1. Can you spot a residue in region 183-194 that is at pLDDT 95 or above, of a type in the set (Phe, Trp, Tyr), crowded, with 19+ Cβ neighbours inside 10 Å and within 24 Å of the chain's Cα centre (by Cα)?
2. Output the number of residues of region 105-121 satisfying the condition of being surrounded by 14 or more Cβ atoms within 10 Å (Cβ to Cβ) and either polar (S, T, N, Q) or at pLDDT below 95 (or both).
3. Leu140: buried (at least 18 other Cβ atoms within 10 Å of the Cβ), assigned to a loop (DSSP other than H, G, I, E, B), at pLDDT 95 or above and assigned by TED's automatic domain parsing to the domain that holds Leu46, yes or no?
4. Residues to consider are Arg96, Arg138, Arg71; find the one that is over 21 Å from the mean Cα position of the chain (by Cα) and without any contact (Cβ under 8 Å) to a residue 60 or more places away in the chain.
5. Mind listing just one residue for me: the one in region 141-185 that is touching a helix residue (DSSP H, G or I) at 6+ places or on another chain (Cβ under 7 Å) and free of Cβ contacts under 8 Å to residues at least 24 places away in the same chain and, of those, farthest from Ile87 (Cα to Cα)?
6. What number of residues within region 99-128 are closer than 30 Å to Leu192 by Cβ and out of contact with any His (no Cβ under 8 Å at 6 or more places or on another chain)?
7. So which residues in region 41-70 are on the phi > 0 side of the Ramachandran plot and assigned to a helix (DSSP H, G or I)?
Amino acid sequence: MYRALAAGSNKMKKILIIACLISILAGRADADVLNITVTSPWLAILVNFIGGVNVEVTSIQDWNNNGELVRRVNARGIQALPENSLIMAFDHHDARVLGLQPERHANFRTLYNRMPLDLSRIDAYMSDPSVIPFIAQRVLMVLADWDPSNYPFYQRRLAEFQARLHSTILAGRQMLRGQQVFDLTGHSRTFLQAAGSSIIRPSNEEWSAWSARRNMSQLTEAISRMVEERAVVVMDHSTPRAIFNALSSNQSVFIITRPSINQDYPAFLHDQYLSLWSRTTLRPLPPGRR
């Protein structure tokens, strides 16, 4: 009996020692986490994915519930950033527009000396599966600069990102190849084209009129015609506000949403493709076609 109690006591001691070691290691890991401030929710998404458990990310800007880009850190918060803060921006112009002063921060880094893409159209570029891997590669380089000992980890995460993005696009093509899409999006055309969808766009004259809230009856007629022809009508949060507001409650219209900054991006894209495919297969036939 005493032997059993002693054995149980020794076992409990081992468990407590292991628990203490785990606690110490967890605390050390928490202490080693990189606290990174970024200028864009797109950067936050990529840093979160590639950095994994090694990073905690704060984005100066984020999307609100309406998909609009808003500031989450005000000017006072930016001024209060410690001089040793890890800060990432697309380029210096991107940082200065938000009130950041790169010269104040020794750990300020940019992906490019001068962004080769138009930052006013960054949503379109970051939704393009052929572009975003190159941006992700730049994110890896900055993370490795700050934390060179974990370069192999970041490299593996980048490889995983690229592989999963590729497989997501292939899955999208299997689901949506040849599917007619009436594209009313502001930034998602390349996302739809990557899946092999057949894109239909309104004329420039129609687009300009509808964006200015003119000839809205023609917009309603165009939607009805597209539904009759079994095309999927698609918008996103960059669709001109007049068009978006007119169609947001229309159940025939599919809205491509925004990812959250903590969301797994390839999984988000897959969910968007799957939801769009479900809309093409599950919607009822128009009247007269049943």
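1. Within region 183-194, not a single residue is at pLDDT 95 or above, of a type in the set (Phe, Trp, Tyr), crowded, with 19+ Cβ neighbours inside 10 Å and within 24 Å of the chain's Cα centre (by Cα).
2. 5
3. no
4. Testing whether each residue is over 21 Å from the mean Cα position of the chain (by Cα) and without any contact (Cβ under 8 Å) to a residue 60 or more places away in the chain leaves just Arg96.
5. Gln155
6. 10
7. Initially, region 41-70 is screened for residues on the phi > 0 side of the Ramachandran plot, giving 52, 67.
Residue satisfying the conditions is Gly52 alone.
Matching residues to (1) touching a helix residue (DSSP H, G or I) at 6+ places or on another chain (Cβ under 9 Å); (2) in contact (Cβ under 8 Å) with a residue 12 or more places away in the chain; (3) more than 22 Å from Ile132 (Cβ to Cβ):
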residue	(1), (2), (3)
Arg230	yes, yes, yes
Leu247	yes, yes, yes
Gln251	no, no, yes
Ile256	yes, yes, no
His270	yes, yes, no
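The values are calculated or read from the model by the stated rules, or taken from the named source; none is laboratory data. All of these numbers come straight from a predicted model, not from anything done at the bench. Note that each Cβ is placed from the backbone with ideal geometry, even for glycine, and that neighbours are counted across all protein chains shown.
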